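Each value in this text was obtained by applying a stated rule to the coordinates, not by laboratory testing. What you see is a predicted model, and the numbers here were worked out from it, not measured in a lab. Cβ coordinates were reconstructed from backbone atoms using ideal geometry, including for glycine residues, and neighbour counts include every protein chain displayed.
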Amino acid sequence: MKLPYLLGFVRNCADLPSEPPLLTELTTVGEHGVIWCKSPVEIFSTKQDFLLAMLQWFEQIRQLELTVLPMQSGVSVSNEGHLVELLRTYERELDLCFDKVEGCSEYCLTIIQRNQDYAHLSYSSLRENVRSGKEYLDRVRMWHQLMEREVSQAREVISNFCLRLTPWIKDCWSEVPQTRGEGINLGFLVPNTCQPEFINELELLLAEVNVTDKWTGPWLPFHFSSFTLKPERFLIHESLNWGKGRATS
């Protein structure tokens, strides 16, 4: 008997790409469908092979302009009957998520600020070659001042990007650096109809600021799918650790 491994959800979809090695199946109840396959550890030799197949499948989904709510990794159900129960249990939550992300894709951006002030100073090096307690406290004070400056600069960058890109995005998320030298992470939920304008403005904006950047997309809306599964008796969480056995809970 197959142990259905959950990949994501769709709405008003009758057909999906299903090609070896990732043969997907679709179970529907009303407007909603859950995409699933056999357990990856039964299909693929390594985790890298599975991730590569998933990336190829995501690209097929993108080309078909299908909106998929991606599933958190490592969730299965014990039998196909529970797929129907899953869809009925989360009907309202699925509708709310699809209303937000349908017809949209996610773009992700990492920005490294080119600030060389005391670039050599890291928290782990504060105690190196310290000659007195006062010198150590001065270094700690300086480190915190630099960290506060980087966080303040990061927030300004985030505000600038979100403001400039507002006409072409539906939502955004951001992460400021937690330690010195870390990058700023941003994500944008972009309607597919606005993608050319969004990309053009993003590249213009990046050319104007003194940063090192890397952006990727379009992706499935991973960070904007607020849908999360609660503990349910019919859900199985497996480790997907190839070569280390499978654990369930």
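Amide H contacts of residue 240: 247, each under 5 Å away and 5 or more positions distant or on a separate chain (H built 1.01 Å from N in the peptide plane; Pro and chain starts excluded). Cross-link partners for residue 47 among the aspartates and glutamates, with Cα-Cα distance under 14 Å and sequence neighbours closer than 8 places in the same chain left out: 238. In this structure the amide hydrogen of residue 172, modeled in the peptide plane, comes within under 5 Å of the amide hydrogens of 189, none closer than 5 places in sequence on its chain.
A simple spin-label model places the labels of residue 226 and residue 60 3.2 nm from each other, with each point 7 Å out along Cα-to-Cβ.
Which FRET efficiency value, to the nearest 0.05, is calculated for residue 200 and residue 137 with the Förster distance at 45 angstrom and r the Cβ-Cβ distance? It comes out at approximately 0.35.
Proximity of backbone amide H atoms, modeled 1.01 Å from N, is registered between residue 7 and 35, 36, 37 at under 5 Å, excluding neighbours fewer than 5 places apart on the same chain.
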